[in-house]
Every structure is written in structure tokens, then in C-alpha cells.
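Engineer: Can you read through this structure? Questions will come right after.
The values are calculated or read from the model by the stated rules, or taken from the named source; none is laboratory data. Since we're looking at a predicted model, the values are computed, not measured. Glycine gets a Cβ as well: all are built from the backbone with ideal geometry, and neighbour counts include every protein chain shown. Calculation scope for accessible area: heavy atoms of the full protein, side chains included, ligands and nucleic acids excluded. Shrake-Rupley method; radii C 1.70, N 1.55, O 1.52, S 1.80 Å.
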Amino acid sequence: MIVIKILMLAIIGALIGWFTNIIAIKLIFRPIEPIVIPILNLKVQGLIPKRREEIAKSIGEVIEEELISIEEIIDKVIEKENLSDIVFVIKRKINEVLKDRLPAIIPTTFKNIIYSYVDDLVDKEGEKILKDLAEKMVHKATTKVRLSNLVEEKINSFELERIEKIVLSVAKKELKHIEVLGGILGFLIGTIQGILVILF
């Protein structure tokens, strides 16, 4: 009889622990819109919907300050290999324009000299000009564009249901462990309560 009582309290404790953890996980996102409890005059809203703007701002700042900056993005876009590709495209485009625009009366020998001269000029000066241009772009981008603001705006524009689905799909296993852990802790607490009730 005593064992059954302890077991009953342990099972009740497990159910309470499991159920409260399920509710706690749901309360991270739900309710999306604030619900007012009339008698208590208390507003209930999910953690993420309630603090969405603050969370978005923090994530934006962390990404910009700790992970990546506008300068790094632009530097990555215009690495040495990329510059070579860009110079090649510029040379090809200039040659196409020259072929179209140079008068037909100019002898082919002179045209080949012009093409060669332009190619050499672009090879020598192209990367330097592109680097100068990139530096100006970086300066302009860093003064006008803040990565943290872009990230913040993007997060704030996300539908909360979509964020919820993403988080739940990514952390499904971990959240299930939290639910089970709540049941286990509830079972242990119920067992201890049962023993204490019988002893005292």
C-alpha cells in the first residue's frame, strides 16, 4: 500500500513536470498577440513575440561586431581571384567595343597594336583601379549601411509562425529532452514527497 502511494505521487509528479515543461516551451512563442487576464490585469505573451525587437537588435549587433562586418563582405567579394576575373571581363568588353567602334579603314596591324596596348594597360592598371574603387565602396558602405540594421530589419520582418517552425525543427531533439527531463525530475520530486508524507 505504501509503495503504491509513493508510486502514485511519483507518477503525478512526473506528469506535472512533463506537462509544465511542454507549456514552458510553448510559452517561448505563444501567445503571439498579448492576452489580458481580466481579474489579475495581467498581460500574457510569448517570450519571443514580446521581446522580438530587442532580440533582433541584439542578434544584429552580435553579427556585426563579433561575426562579420561590411568590410569583410566586400573584401571577400573582391579577393585577388575575383579581381583577376573582373579585369579579364573588362578587357574582353573593351576589345568588343574597340572592334565595333574602330573605323574599318584602320589597318589590322594598327588595330592589333591598339588591342595589345589596351590589354597591357588594363593588366597594369586594372587591379589598382579596382582596388581603389573597392576602398571607396567600403568607405561609402560602412558610412551608409550598417549590417546590424539590415539583420534587425530582416528578423523583424519574419513572420513569428515561421521563426517558431524554424526553431522547433532545428531544436526538436533538444526540446524533447527538456520535456522528458521535466518528467524525470517530476518523478523524483514526487517520490521524495511520497516518502516524506509517509515518514512524517
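Engineer: With a length cut of 18 Å (Cα positions projected on each helix's long axis) and a Kyte-Doolittle mean of at least -0.5, go through the chain and give me the DSSP H helices that pass.
Structural biologist: For the chain, where a helix must reach 18 Å along its axis and average at least -0.5, the hits are 2-26, 80-101, 172-199.
Engineer: I need the calculated FRET efficiency for the pair Ile163 and Ile12, taking r as the beta carbon distance and R₀ as 41 Å, to the nearest 0.05. Kindly include the intermediate steps, with their values, before the conclusion.
Structural biologist: Numbers: r = 35 Å, r/R0 = 0.85.
Taking R0 as 41 Å, the efficiency between Ile163 and Ile12 is 0.75.
Engineer: With the full set of protein chains in place, find how many percent of the accessible area of the chain is carbon and sulfur; take the probe as 1.4 Å.
Structural biologist: On the way: 10110 of 15190 Å².
Answer for the chain: carbon and sulfur cover 67 percent of the accessible area.
Engineer: Starting from the exponent 0.38 and prefactor 2.2 Å, build the expected Rg for region 1-64 from its residue count and divide its actual Cα Rg by it. Don't skip to the answer; put the middle values down first.
Structural biologist: Numbers: Rg = 18.9 Å, N = 64, 2.2 N^0.38 = 10.7 Å.
Output field value: 1.76.
Engineer: When only alpha-carbon atoms count, how far does the chain stretch along each of its three principal axes, as whole angstroms with the largest first?
Structural biologist: 112, 39, 27
Engineer: OK, next. Using mean Cβ contacts within 10 Å as the protection proxy, how do 192-199, 39-46, 180-187 order, highest first? It would help to have the intermediate numbers written out before the result.
Structural biologist: Numbers: 192-199: 13.1, 39-46: 11.2, 180-187: 17.8.
Packing order, densest peptide first, comes out as 180-187, 192-199, 39-46.
Engineer: Follow-up. Please compute the modelled spin-label separation between Val118 and Thr20, points set 7 Å along Cα→Cβ, answer in nm with one decimal.
Structural biologist: 7.8 nm
Engineer: Lys172 to Leu40: FRET efficiency via 1/(1 + (r/R0)^6), r the Cβ-Cβ distance, R0 25 Å, to the nearest 0.05?
Structural biologist: Details: r = 33 Å, r/R0 = 1.34.
It comes out at approximately 0.15.
Engineer: Label Asn95 and Glu125 with points 7 Å out from Cα along Cα→Cβ: what is the distance between them in nm?
Structural biologist: In this crude spin-label approximation the distance works out to 1.9 nm.
Engineer: Still on this structure, I have one more. Excluding ligands, DNA and RNA, what is the solvent-accessible area per residue of the chain at a probe of 1.4 Å, expressed in Å²? Each step should come with its number before you reach the end.
Structural biologist: Details: 15190 Å² over 200 residues.
About 76 Å² of surface per residue is accessible.
Engineer: May I ask you to rank Ser84, Ser157 by accessible area, largest first, using a 1.4 Å probe over the protein chains only?
Structural biologist: Values: Ser84 50, Ser157 80 Å².
Per-residue accessible area, sorted high to low, gives Ser157, Ser84.
Engineer: Hey, another quick one. Return the calculated 222 nm mean residue ellipticity for the chain, to the nearest 500 deg cm²/dmol, obtained by summing -39500 (n - 2.57) across DSSP H runs with n ≥ 4 and dividing by the residue count.
Structural biologist: Calculated from helices alone, the mean residue ellipticity at 222 nm is -26500 deg cm²/dmol.
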